[in-house]
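One structure is given here, and the rest of the page talks about it.
The values are calculated or read from the model by the stated rules, or taken from the named source; none is laboratory data. As the structure is a prediction and not an experimental result, all values here were calculated from the model. For neighbour counting, all protein chains shown are included, and Cβ atoms are generated from backbone atoms with ideal geometry for every residue, glycine included.
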Amino acid sequence: MPHRKAFTLIELLVVISVIALLISMLLPALSKARRGARNTVDLSNQRQLGTGMMSYANDYKSFLPEGDADTAGASLVWFREDMWVLLRDHYGIPPKAFGCNNLDEIPLDQRVNVIGLYQRHGSPIRDSRGVLHYFWVMGWNYFANRTQAARFNPVGSGTAYRYVRRLGDLESSSDTLLTCMIYNARTPNLGWESVGPHGRRGCGYWGLNDRRAWQNPEGLHVTLLDGSASWVQFDRLVPVGMSDYYYFKPR
C-alpha cells in the first residue's frame, strides 16, 4: 500500500494560526456589517413611527399624540397606552417600530424586568384633566405633546425645555420629535439603570448596582417635526438634564 504522508505538528500549527488570523480579520468586518444592518432597520422604524405621528396630527387639528401624565417625574420614554394602541391599530405602526433596534442587544431579563420596555407602566396615572391613563415604556425618547410639569432644563441653562404640542408650534425648544432611547444616571451617580445605545461596542446597559463609567454613544437616530429622520453624531446633540440626561437636536 502506498504510504500516506501525515501533517507534521508544525504544519498543523501553521494552518491553525492562518485560520485564527483570518477569523480575527473577518470578525470586525462582520460586526460592523451587523451594526450597519441594525442601524438601517432602526432608522426605518423611527421614520415609520414619525410618519404615523404626522398622519395622526393631520387628523387631529395638527396636535401630536399625547406622551405622558401631568407629573413632575414623568419620563421621556413614557407613552400613553391609548395613543400606542391607536397608532398601532389605525395608522399601521408595527409594535417593533416603537423602539430603538439597538436595545435588542440588552439581555432579555434586564430589558423586560428592569427597563420595562414595551410593557405597561404599573398603575394608571391621573392627567391634568383628572382622567386616569395607563402608560407604556417605549424604546424612543419622545419630545412632543408632554405637559410642562415634566420639566427638563438643558445643561447650563435655567430655561425649561418646551415640548411641541402641535405642528407649527414656534415656541418649542427644538424641532425634535423622537430620538433613540437614552438616559444616563451614571454621571450624577444616581443609582438608577442607564441605557446608551449605538456605542462602539453596541448598546450599553448599566444596572442598578453597576459602577462602570458611562460611555457616550457614537450618535443617535433623530426624527424631526418635518418627518425627516437621520443619524446625528453625538457631539451635535445637546443634553437635557434634570437628574439623568436626554438628548435632542437643537434648532
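For the reader, a short list of remarks on this structure follows.
- Residue count for segment 195-223 satisfying the condition of being part of a strand (DSSP E or B) and surrounded by fewer than 23 Cβ atoms within 10 Å (Cβ to Cβ): 6.
- LEU178 vs. criteria among the hydrophobic types (A, V, I, L, M, F, W, C) and modelled with pLDDT of 85 or more: yes
- Matching residues in segment 77-96 - criterion: being at pLDDT below 90 and buried (at least 16 other Cβ atoms within 10 Å of the Cβ): VAL77, TRP78, PHE79, ARG80, MET83, TRP84
- Here ASP244 clears all of (1) at pLDDT below 80; (2) surrounded by 15 or more Cβ atoms within 10 Å (Cβ to Cβ); (3) touching a Gly at 6+ places or on another chain (Cβ under 7 Å) except the condition numbered (3).
- Of the residues making up segment 229-239, at least one is modelled with pLDDT under 90, assigned to a loop (DSSP other than H, G, I, E, B) and surrounded by 20 or more Cβ atoms within 10 Å (Cβ to Cβ).
- When HIS3 is tested against (1) more than 38 Å from the chain's Cα centre (by Cα); (2) modelled with pLDDT under 75; (3) surrounded by 10 or more Cβ atoms within 10 Å (Cβ to Cβ), exactly one condition is not met: (3).
- Verdict on LYS61 being at pLDDT 80 or above, loosely packed, with under 11 Cβ neighbours inside 10 Å and not in a helix (DSSP H, G or I): yes
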